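Just below is one structure, and these are the notes that go with it.
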Amino acid sequence: MTVSTPWPAGPAVCLPVHGIDQQFPVHRVYCVGRNYAAHAQEMGYTGREPPFFFLKPNDALVPIAAQGGSIPYPSLTQDLHHEVELVVAIGTGGHDIDPKDAMAHVYGYAVGLDMTRRDLQMAMRKQGRPWDIGKAFDASAPIGPITPAAHVANIEQAAISLHVNDAPRQASTVAHLIWNIAETIAHLSNAWTLQPGDLIFTGTPEGVGAVQRGDRMHAHVQGLQPITVSVR
Ligand code: MN
C-alpha cells in the first residue's frame with residue numbers, strides 16, 4: 001500500500017508548447033469513441049453513428065519529453081491496449097460551435113495515447129456500465145508537447161502510426177476520421193461548453209493491441225513531435 005500525502009496534488013497539469021517557452025494549462029480531457037471506420041469494425045461495429053464521448057481526468061495525462069518517458073503497467077488488467085490518437089488542443093472556448101468556425105477554436109495539436117484496460121472496458125460495456133475503469137485510470141494518457149496549429153501543415157491529411165518495439169501496429173491517416181476535427185469540435189460543443197485548455201483525443205485507427213511490461217511504444221503523427229513511451 002502507498003500512503004499519500006495529506007495535502008492536495010497541486011496545480012493543473014500543463015503541457016509544453018513545442019518551439020515556444022510557454023506552457024498550455026489543461027482544463028478537461030475529452031475522448032472520441034470509434035472515430036475510424038476500420039477500428040469501429042475491429043471493435044464489432046459498422047456504419048456511421050453520431051460521435052460519442054468519454055472523459056479522462058486531466059491528471060491522467062503523462063507529459064512525454066523528447067527523450068521519451070514511461071508509464072506503469074496499471075492495476076487490475078491483463079489486457080492493456082495502445083490507441084494512438086491525434087489530440088486537438090482548444091484555445092478558444094464556445095458552445096454550439098458551427099463546423100465552419102470550429103478550426104478557429106484550435107490552439108494546436110499533439111500526439112497522444114489513449115491507453116485502455118480493454119478487458120475491464122469490455123466487461124463494463126457488456127453490462128451497460130460506465131467505461132471509466134477501462135479508460136480513465138492513472139497515467140492512461142501519455143501525451144507529447146503541443147505544436148501550435150500555425151506551425152502544422154495539412155493536419156487533416158497527416159499520417160498517424162504506432163510501433164511497438166519497432167514493429168508496426170497501427171498506421172492510417174487523419175483523413176480517415178469518420179468525424180473530422182471541425183465536426184468533432186462542433187458535436188462536442190453541443191454537449192459541453194468548450195473551454196481554453198480542453199484537449200480532445202480524436203479517436204484511434206485500426207490495429208489496437210496489447211502491450212506488456214518492458215515494451216516501448218513509438219507514436220507518430222506527421223508534422224507533430226513524436227513520443228516514445230515505455231511500459232514499466
Ligand atoms: Mn481512443
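The values are calculated or read from the model by the stated rules, or taken from the named source; none is laboratory data. Here the structure is a predicted model, which means the values were calculated and not measured. Here the Cβ positions follow ideal geometry from the backbone for every residue, glycine too, while neighbour counts run over all protein chains shown.
Return the residue satisfying two criteria in turn: it lies in the stretch 140-194 and is touching a residue at least 40 places away in the same chain (Cβ under 8 Å) and of a type in the set (D, E, K, R), and of such residues it is farthest from Tyr73 (Cα to Cα). Here the answer is Glu183. Are any residues in the stretch 77-121 under 17 Å from Pro226 (Cβ atoms) and among the aromatic types (Phe, Trp, Tyr), and if so, which ones? Of everything in the stretch 77-121, just one residue is under 17 Å from Pro226 (Cβ atoms) and among the aromatic types (Phe, Trp, Tyr), namely Tyr109. Every listed requirement among (1) over 14 Å from the mean Cα position of the chain (by Cα); (2) within 14 Å of the ligand (Cβ to nearest atom) is met by Phe53 save one, (1). Filtering the stretch 138-180 to residues that are in contact with a Ser or Thr (Cβ under 7 Å, 6 or more places away or on another chain) and either within 26 Å of Pro99 (Cα to Cα) or at pLDDT below 95 (or both) leaves Gln157, Ala158, Ala159, Ile160, Leu177.
On the given criteria, is Pro8 within 23 Å of Ala191 (Cβ to Cβ), at pLDDT below 90 and more than 16 Å from the ligand (Cβ to nearest atom)? When the stated conditions are applied, Pro8 does not pass them.
Only residues that are within 16 Å of the ligand (Cβ to nearest atom) and under 15 Å from the mean Cα position of the chain (by Cα) were counted in the stretch 14-38, giving 9. Summed over the stretch 93-107, the residues that are at negative phi and surrounded by 13 or more Cβ atoms within 10 Å (Cβ to Cβ) give a count of 10. Among the residues of the stretch 195-205, those that are surrounded by fewer than 24 Cβ atoms within 10 Å (Cβ to Cβ) and not small (Gly, Ala, Ser) comprise Gln195, Pro196.
From the list Ala175, Ala219, Ala167, the lone residue that is aliphatic (A, V, I, L, M), more than 15 Å from Val88 (Cβ to Cβ) and surrounded by 16 or more Cβ atoms within 10 Å (Cβ to Cβ) is Ala219. Of the helices (runs of 4 or more DSSP H) lying entirely inside the stretch 110-224, those carrying at least 2 residues that are within 14 Å of the ligand (Cβ to nearest atom) are 118-126, 132-135.
So, Ile90, is that one surrounded by 12 or more Cβ atoms within 10 Å (Cβ to Cβ), away from the ligand (no atom under 15 Å from the Cβ), within 21 Å of Ala158 (Cα to Cα) and of a type outside the set (Gly, Ala, Ser) or not? So Ile90 fits the description; yes.
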